[in-house]
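Before any comments, here is the structure.
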Amino acid sequence: QVQLVESGGGLVQPGGSLRLSCAASGLTFSKYAMRWHRQAPGKERELVASISRSGSTNYADSVKGRFTISRDNTKNTVTLQMSNLSPEDTAVYYCNTISTPAYWGQGTQVTVSS
């Protein structure tokens, strides 16, 4: 059974940083490209960042230069390092596999507020 479990969310002040992790199990992690999405209240889900099997990365313009996606195939994890956070980054953050079918985690809440 495939499981993706996100962690690391929380409340942070504007300008702060958070590190999200997504732990995968039940699949050969190295064979999957991965993504982070987010969904803010009342808004559509937004692609934030993706990382290929080889480690190539892509970012939404809104997070470029502030967020960094990385992966550790030895630990079956994908990480999203977020810095210089703003209230507009407040959302539930999800990791998912780029596959058919795609596997999704349950999400972790990130709230940026003073």
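The values are calculated or read from the model by the stated rules, or taken from the named source; none is laboratory data. As the structure is a computational prediction, the values presented were derived from the model and not from experiment. When we count neighbours, we look across all protein chains shown, and the Cβ atoms used for this are built from the backbone with ideal geometry, even at glycine. To get the accessible areas, we keep the full protein, side chains included, count just its heavy atoms, and leave off ligands, DNA and RNA. Shrake-Rupley method; radii C 1.70, N 1.55, O 1.52, S 1.80 Å.
Measure off, as a whole percent, the carbon and sulfur share of the 1.4 Å-probe accessible area of the chain, all protein chains present.
So the carbon and sulfur contribution to the accessible surface is 45 percent.
Any idea which of Asn84, Gln106, Gly55 is furthest toward the positive side of the dipole for the chain, if Lys and Arg beta-carbons carry +1 and Asp and Glu beta-carbons -1?
Checking the options against the dipole of the chain, the answer is Gly55.
Distance in nm between label sites at Ser114 and Ser99, each 7 Å beyond Cα in the beta-carbon direction?
4.4 nm
Given Cβ point charges of +1 (Lys, Arg) and -1 (Asp, Glu) and nothing else, what value in debye, to the nearest 20, does the dipole of region 7-114 about its Cα centre take?
Its charge dipole is roughly 300 debye.
What's the local net charge at Tyr32, with K and R +1, D and E -1, over the other residues with C-beta under 11 Å away?
+4
Under a GNM of the chain (C-alpha, springs under 10 Å), which listed residue has the highest mean-square fluctuation: Thr68, Thr77, Thr28?
Comparing Thr68, Thr77, Thr28 in a Gaussian network model of the chain, the most mobile one is Thr28.
Using only the Cα atoms of the chain, what semi-axes does the equivalent ellipsoid have when each is the square root of 5 times a gyration tensor eigenvalue? Give whole Å, largest first.
Output for the chain: semi-axes of 23, 14, 13 Å.
Find the Rg to Rh ratio for region 1-42, where Rh is the Kirkwood radius over alpha-carbon pairs and Rg uses the same atoms.
The Rg/Rh ratio comes out at 1.06.
Residue by residue, what Karplus-based ³J(HN,Hα) values in Hz, rounded to whole numbers, does region 86-100 have, using 6.51, -1.76 and 1.60 with θ = phi - 60° and x for Gly and Pro?
Residue by residue, region 86-100 yields 10, x, 5, 8, 5, 4, 8, 9, 10, 9, 8, 8, 8, 6, 10 Hz.
Would you mind getting the accessible area per residue of the chain, heavy atoms of the protein chains only, 1.4 Å probe, in Å²?
Value for the chain: 53 Å² per residue.
Can you tell which of Thr100, Thr79, Thr90 shows the greatest fluctuation in a Gaussian network model of the chain with Cα springs below 10 Å?
Thr100
Could you identify which residue out of Pro41, Pro87, Pro14 has the top mean-square fluctuation in a GNM of the chain using Cα springs shorter than 10 Å?
Fluctuation is largest for Pro41.
Below 8 Å between Cα atoms, with a sequence gap of 6+, how large is the relative contact order for region 1-79 in percent?
Relative contact order comes out at 26 percent.
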